[in-house]
1. Taking 0.36 nm per intervening residue step and subtracting the Cα-Cα distance, what contour gain separates L54 from A149 on full extension?
2. Label 7 Å along Cα→Cβ of D117; the range 40-81 residues with amide nitrogen under 16 Å?
3. Multiplying the sequence separation of D84 and M30 by 0.36 nm and subtracting their Cα-Cα distance, what value in nm do you get?
4. Could you give the length gained on full extension between Q128 and Q108, defined as 0.36 nm per residue of separation minus the Cα-Cα distance, in nm?
5. Can you flag which of K70/K109; K42/K139; K42/K114; K70/K124; K42/K145 are past 29 Å Cα-Cα?
6. Determine, for each peptide in 104-114, 46-56, the mean count of other beta carbons within 10 angstrom over its residues, then list the peptides with the highest first.
Amino acid sequence: MIFAKLWRALAAQMNKVANFFWTQDPIAQMQYEYDQAVEELKSGRTGLEQYRALVERVSRQVTRDETHVKSLEAKVKAYLQAGDRETAAKFALELNKAKTQLEENRNQKAMHEKSYDNNVKKIKHASQKLGRVKEKIMKYDAELKMSRAESEMAELAQSFDFDVTTDFGQLEDVIQDKIGLNRAKARVAADLSEEGMVDIEREEAMENAMAADALKSFEIEMGLVTPATADIEEAEKELGPATQQTETEG
């Protein structure tokens with residue numbers, strides 16, 4: 001009982017493995033079955049050739065029997081015409097045996113001829129069926145390859161769908177984030193480049209004013225100008241040429 005259960009369990013597992021390989025590549029399995037059928041058909045053809053040789057041998061035997069019967073008939077007639085009935089009777093008995101053998105061989109020949117013809121028809125029919133099977137294998141192989149290509153193209157088209165749920169879409173988001181970060185850095189750098197310009201300009205103006213005061217103090221010390229003259233010149237500088245011209249005209 002235990003061995004029987006173990007055997008059934010093992011057979012079930014083997015059947016599972018066989019079904020797995022059976023369904024993995026059905027085209028290859030069909031091709032294998034086709035090749036096996038072709039080999040069987042070749043063996044059948046070889047057997048048919050041997051069977052035909054038997055038919056030919058029986059046919060030759062019938063031909064020999066027919067010749068022997070004719071020869072015996074001629075001898076019986078000749079001895080009867082010669083008046084030798086005893087010898088004629090012996091050949092007549094042999095003639096009956098020859099006719100019986102001829103009839104049996106004719107029946108054998110007819111039976112073998114019929115059997116041969118039937119086998120020829122079967123092999124021709126099997127060849128036609130194999131031809132259709134071969135066409136089906138080629139058709140199914142092409143359709144299977146086409147369906148696989150269509151499936152792969154569908155998956156490829158889906159991968160190029162710019163959806164954030166796909167890997168490609170997520171990668172695109174990462175790239176866009178990097179581009180945005182780079183642009184943000186450039187904007188910050190540009191904004192920072194303008195920061196402090198007012199202070200710098202004010203500092204430069206203060207330095208210029210201090211330099212002018214220092215120069216005026218030097219001129220006064222050196223006696224080049226008097227304080228009053230320095231104030232007038234400074235006022236003239238502030239008024240400018242256009243103001244002076246207006247006052248002169250007035």
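1. Details: separation 95, 0.36 × 95 = 34.20 nm, distance 5.52 nm.
Stretched out fully, the L54 to A149 stretch lengthens by 28.7 nm.
2. In the range 40-81, the label zone of D117 (backbone N under 16 Å from the point 7 Å along Cα→Cβ) covers 52, 55-56, 59.
3. On the way: separation 54, 0.36 × 54 = 19.44 nm, distance 7.65 nm.
Difference between extended and current length: 11.8 nm.
4. On the way: separation 20, 0.36 × 20 = 7.20 nm, distance 3.02 nm.
Answer, rounded to one decimal: 4.2 nm.
5. Details: K70/K109 19 Å; K42/K139 24 Å; K42/K114 21 Å; K70/K124 40 Å; K42/K145 31 Å.
Check vs 29 Å cut-off fails for K70/K124; K42/K145.
6. Working: 104-114: 14.7, 46-56: 12.6.
Top of the packing list down: 104-114, 46-56.
Any read-out appearing in this document is the output of simple, stated calculations on the displayed coordinates, not a laboratory observation. What you see is a predicted model, and the numbers here were worked out from it, not measured in a lab. Note: ideal-geometry Cβ built from the backbone for every residue, glycine included; neighbour counts use all protein chains shown.
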